[in-house]
Amino acid sequence: MVEKTLIQLRDVSRVDSNSDRQLLRAISLTVSAGARIGLVGISGSGKSALMRSIAMLDPFSGELFHRDIQITNDAIPGYRRKVVYLSQRPFFTQGTIEENLRLPLQFKSAKSNLKSASYQSELIASELEAFELAPEILTRSPESLSGGEQQMIALIRALLMEPEVLLLDEPTAALDPDSRDKFEGRIHKWHDASNNLPTNPSKNEKERGGAYLWTSHDPTQIDRMTQQIVTMNHGQLTLTTGQDFNPRNAREIDGLEKEQQVEPSDA
Amino acid sequence: MLDFHTMVSTMPDISELHLLGQFLEPRPQGDISLSWFEVGVAATLLLINAIISLQLGLGIAKRIATSSVRMTLQLAILGLVLKQIFELAQPTPVLGLAAVMTVIAGVSAVKRIDHRYPTIYRNSIFAVWTSAWVVTSVTVLLIVRPQPWYSPQVVIPLLGMVLGNSLTGISLGLDRFLSELRNRRGEVETMLALGATRWESCRGVFIEATRTAMIPILNTMSVAGIVSIPGMMTGQLLAGAEPIDAVKYQIMIMFVIAAAIAIGVVLSLALSYRNVTNENHQIEWERIRRS
């Protein structure tokens, strides 16, 4: 099977114009369909800057291609629905959880996506169930939720847009182990479903091959969740490993052995 | 500083003056000019404030002194300039003074703002200029219609009042817009990350800033005539105008001021929104800096 390229970065650089600090230095990176990339490096090495640039949230120099097409101006909001950035700390707007979950579906970039409201309700209900969250949560306000619940809602909100690529910026750093396991489990399920064709006959060729980038200061999590590791140092990609690593064995590999691959973190 | 009628209205109440100086000659009917000695009597009232401040250690005695001196000098200069311009009775000096007043208002609007971006002064001056001049032109040319059209005693006080209010509104609006954008950065950016356009992500902040900027004039309008007799009307009554005439002028000027604020605020916010976002639907956070 030929791996389809979802995202390609060419010589992406970014300078913070306030401090003149170079956050990203000529980064070239390819994200293929189905890729599970662990992004590691110490704080300030540019992991977040890279993810934010892939989501086109910050101005940068260089080129970014999505399915071989360079994304510009008006196509960017639609692109961000396909390549979703999830921050470590989830944010919500005023209103209930349900209003927050429906918010992205009301943006102009969602208008081409004709889905009935009832279909979304069923989807939301099943998503809540997957996280063992009671349906009553929909009427609550975001501030009344725990950090773990908030992050699960943020993930549901992202998945409702049927993304191709998830950019997970230390998504579980602030979560308790139980919430972390649920979060990881849901990402696994999403990745399997979007890469496993027979179980998902409704998807057309274009929608296959969900991929994600994951940053974490926890080497064992990088082992569990990713199959390819990219190390960042001073805004540069310094090391890429694990390309021929078998994802089926990911859970069995000894954490200690892998710690040498992953740069020691400052966590 | 630029408001001619506020100058008139900040004069002490006539009855107060009479009470203070029963030995002074009663003023002839219709004569409202004050001697500098009489102004000095009003200044002594502020001494009470200064004494209280010194006694309680409020630490504002110096500010009371500098503000008083500053106000006196500014208004004295304004008086001299106006005297010259009134005597000249030519359009160019009137428009020249109006232009200077407008630029000062545009710059002053930015002075009290905590967060700024590089082109904020240009935008503020443009917004003040456009809103105040459009609204004042309509007022002078279509409503008041003085002869000649550039009559300084009409144009300058009207423009001054419009500018003073417009700058307050723009200042409040910009301050709220930029600080709120920073405070709600996570929320705004999350919307962008979920496919919002730059306008969809900033709309809530924009609306809130507009609302904040409009609140003072709406409050003023709702208490006008009950709690306060507005400055322009006070001035006209002191000058011997018929109450009904003074009221009509005051109502007119309230509408005019509200319109100027609305135009100035929306314009300054729209320009700011364009300057801190870009066509790639990004917010250029690095441009917004604490001043």
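Bear in mind these aren't lab numbers, they're just calculated from the coordinates by the rules spelled out. Here the structure is a predicted model, which means the values were calculated and not measured. Here the Cβ positions follow ideal geometry from the backbone for every residue, glycine too, while neighbour counts run over all protein chains shown.
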Using 1/(1 + (r/R0)^6) with R0 = 45 angstrom and r between the beta carbons of A:SER141 and A:ASN196, what's the FRET efficiency to the nearest 0.05? 0.75
Hey, could you grab the Kirkwood Rh for the protein assembly as shown? Inverse mean 1/r over distinct alpha carbon pairs, Å, one decimal. 28.3
If you take the charge dipole of chain B about its Cα centre, with +1 on Lys and Arg Cβ and -1 on Asp and Glu Cβ, which of B:LEU158, B:VAL135, B:PRO146 is farthest toward its positive end? B:VAL135
Which entries in A:LYS111/A:LYS189; A:LYS4/A:LYS108; B:LYS62/B:LYS248; A:LYS82/B:LYS111; B:LYS62/B:LYS111; A:LYS4/A:LYS182 show an alpha-carbon gap greater than 32 Å? B:LYS62/B:LYS248; A:LYS82/B:LYS111
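Could you give the dipole magnitude of region B:171-290 about its Cα centre, charging the beta-carbon of Lys and Arg +1 and that of Asp and Glu -1, in debye to the nearest 20?
On the way: 12 positive and 11 negative charges, 51 e Å.
Around 240 debye, computed over region B:171-290.
Hull surface divided by four, with the convex hull built on the Cα atoms of chain B: how many nm²?
Result: a mean projected hull area of 18.9 nm².
Of A:LEU128, B:LEU142, how do they rank once you tally other Cβ atoms within 10 Å and put the fewest first?
Numbers: A:LEU128 20, B:LEU142 8.
Ranked by crowding around the Cβ, least crowded first: B:LEU142, A:LEU128.
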With an 8 Å Cα cut-off and a minimum separation of 6 or more residues, compute the relative contact order for chain B in percent. 26
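Report, in debye and to the nearest 20, how large the dipole of region B:91-290 comes out about its Cα centre when Lys and Arg carry +1 and Asp and Glu carry -1 on their Cβ. Don't jump to the answer; show the numbers that get you there.
Details: 17 positive and 12 negative charges, 67 e Å.
Once rounded to the nearest 20, the dipole reads 320 debye.
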So, with +1 on the Cβ of K and R and -1 on the Cβ of D and E, and no other charges, what is the size of the charge dipole of the protein assembly as shown about its Cα centre, to the nearest 20 debye? 1220
Label-zone membership for region A:127-169, site B:GLU187, 7 angstrom Cα→C-beta point, backbone N under 14 Å: A:141-144
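Using DSSP to call loops (not H, G, I, E or B), can you name the trypsin sites (Lys or Arg not before Pro) in region B:59-123 whose Cβ has at most 16 other Cβ atoms within 10 angstrom?
On the way: sites: B:LYS62, B:ARG63, B:ARG70, B:LYS83, B:LYS111, B:ARG112, B:ARG116, B:ARG122; in loops: B:ARG112.
Passing sites in region B:59-123 are B:ARG112.
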